[in-house]
1. Roughly how many whole Å is it from the C-alpha centroid of segment B:278-328 to that of segment A:222-301?
2. Roll a 1.4 Å probe over the protein chains and send me the accessible area per residue for the protein assembly as shown in Å².
3. When chain A is turned about an axis onto chain B, which of its residues keeps its C-beta closest to that axis, and how many Å is it?
4. Rank A:Phe316, A:Ala262, A:Pro242 by how far each Cα sits towards the positive end of the charge dipole of segment A:213-337 (+1 on Lys, Arg Cβ; -1 on Asp, Glu Cβ) and give me just the farthest.
5. Which aspartates and glutamates have a Cα less than 14 Å from the Cα of A:Lys23, not counting those fewer than 8 places away in the same chain?
6. Mind checking the dipole of segment B:3-222: about its Cα centre, +1 per Lys or Arg Cβ, -1 per Asp or Glu Cβ, Debye to the nearest 20?
7. Calculate, for A:Asp268 and A:Glu309, the FRET efficiency according to 1/(1 + (r/R0)^6) with r their C-beta to C-beta distance and R0 51 Å; round to the nearest 0.05.
8. Can you compute the modelled spin-label distance between A:Phe316 and A:Arg228, with each label point 7 Å from Cα toward Cβ, in nm?
There are 2 protein chains.
Amino acid sequence: MTRRDLERLGENERRGFAWLGAKPGDRFHIAITLDNLFVAGLAYHLGLSMVGAAAVRVGAQPVRRHLDLMKQLRPDGLVAVPSLLLALARQARADGEDVKAFAPRCALLIGDSIRGQDLAPNALGRLLEEGWGGEIFSTYGLTEAGLAFHECPAHRGLHSHPDLVIVEIVDDAGRPVPEGEPGELVITTLQVEGTPLVRYRTGDVTFAVPGACPCGRGGVRIGPILGRKRQRMKVKGTTVYPKTIEDALLSVRGVENFLIEAHTGDGDTDRLVVRVGTLRDDPGFARAVGEALYAKARVTPELRLSSPEEVEALLFEGGRRKPRVFVDLRTPHGGAQ
Amino acid sequence: MTRRDLERLGENERRGFAWLGAKPGDRFHIAITLDNLFVAGLAYHLGLSMVGAAAVRVGAQPVRRHLDLMKQLRPDGLVAVPSLLLALARQARADGEDVKAFAPRCALLIGDSIRGQDLAPNALGRLLEEGWGGEIFSTYGLTEAGLAFHECPAHRGLHSHPDLVIVEIVDDAGRPVPEGEPGELVITTLQVEGTPLVRYRTGDVTFAVPGACPCGRGGVRIGPILGRKRQRMKVKGTTVYPKTIEDALLSVRGVENFLIEAHTGDGDTDRLVVRVGTLRDDPGFARAVGEALYAKARVTPELRLSSPEEVEALLFEGGRRKPRVFVDLRTPHGGAQ
């Protein structure tokens, strides 16, 4: 990245922080690393510096260290992955404290989406609304493009900046789809010197939020990422992504863990198998899972209930260090990509 | 730190990198973290940005990761603690490779000093000269002052920048000592907006290098840090610091580990006990240790040889996670500080 590219990167975040209400003299706790060639952490540092606010560079640290620093420095804002907020709330509770008593007034969240296709909080977002104190703002960032999309205080989609990026949502043939229709996010970066991108296919599926934002700002707004394009499944005519199914499963009490499997089915359709680990064995449970899957994802997959241990073993199969919640066992064919 | 303080911090490092020969387009591998509120990592990033060189922000990573990135990106320079260079050379050798084949042409070293009181390489410096490929530059940095002292290519002391800091070397009464005489480093920061320091006592003992630097630059140059002022011992009339003894012990083959103990002796003198862990039991070994201690530190301490395991147990006594090589068992008295 050239020096001007770094400035552009910072300017993109400056706007995002401004929407959070950041002002000169504020302190923001950055729980995202600036090391390991990671672009986002550096972008926050630059953006806050442009705002005139202090970036408290904390990075990846034990939950205890984050809590101690937060109680000591009382930051005005926080930048983190959503799961860290849950972990902080949990640890505070274990210490006999309520994280709401000292949670920063706002948090900018990176990584997992906290909203569903209707822009209302998804299962993760609801957990945060219950367990966390401050206002939460979703983002979507792209390392290779040196940019991020941010929510404004209206929380009605993620804004793009027309001077920094051209946004398109396209179908498999690369043709623009109507507003509100899911398609692949394609971007063209503006004002980038080092590694400009022209009509770069992100592989991420989202949609352009229809209509104007209540905040009055122009430019394309995108919804949350619905899934990776190559993970898209077509089950009995319904298009579905693992993320949507994940969100549906997370909303059912008694689901301990799960594995989503895509198989090749009959004709032009995929077969979906969902393995759920649970300690419950009443018939009501299987029904509740099925209903949640249909209500949120419009699918009726083959459901296999077993013990959490059995599912756990599948999640880490092959000695992997990180669990995988989606396995694609479909026969590859030309038209799938 | 204000925004201008950040610029000052970067400017200080820009000069240091310029002396290493950094130029626009160069790549520097930063093996120092930018996270955890650490100032140095950020300072390097800012300084390189001012040079027009790229800071490859790696931070604290496994040795293997550093090596892989270095071989892939072939950086022109490296910023690290000295022990990492030794670990990289060791790992490369274990892989059947010579680190000299791909070591960056220069390295800026933070933390442990690589030179002795005579400005020649100390035991650590010699290990690096043997095992590492590029030119190495020593530094001394002070987080609270937002500055660092750097070697120029003459390697004759660490330069200060007269526009950024006023340097004094003082005795116990706060009076300046002559050039070349050890004393406490006292600094006054210039151009700092946020937390300026006036005659700040660092607690570190060093000396002003006499005469002009062959490079022609003005300003006070300091030698390596000889020790912490409160760790100073006076043994039978000779002033000595644990660091000097450490360096002497590290130069003797067969010394596996050691613990330096200060006790209260007779009169106005300290008693020095050095416990050395070794597998050797020939009389020549004790004599070699004694000679090295006298030659390099001008002391004849009470020497206790034992097994490395016994010393190891003492180093980690009390369940500590980091070993301590110096234990101060002296009776506190007013004049000692």
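1. Measuring centre to centre over Cα atoms gives 65 Å.
2. 46 Å²
3. Of all Cβ atoms in chain A, the one nearest the axis gives A:Leu34, 2.
4. So the residue furthest toward the plus end is A:Pro242.
5. A:Glu13, A:Asp76
6. 660 debye
7. Between A:Asp268 and A:Glu309 the formula returns 0.85.
8. Spacing of the two 7 Å Cα→Cβ label points: 2.2 nm.
The values are calculated or read from the model by the stated rules, or taken from the named source; none is laboratory data. Treat the numbers as computed from the prediction; the structure is a model and nothing was measured. So basically every Cβ, Gly included, is an ideal-geometry build from the backbone, and we count neighbours across all protein chains shown. For the accessible areas, the whole protein counts, side chains as well, though only heavy atoms, and no ligand, DNA or RNA atoms are used. Shrake-Rupley method; radii C 1.70, N 1.55, O 1.52, S 1.80 Å.
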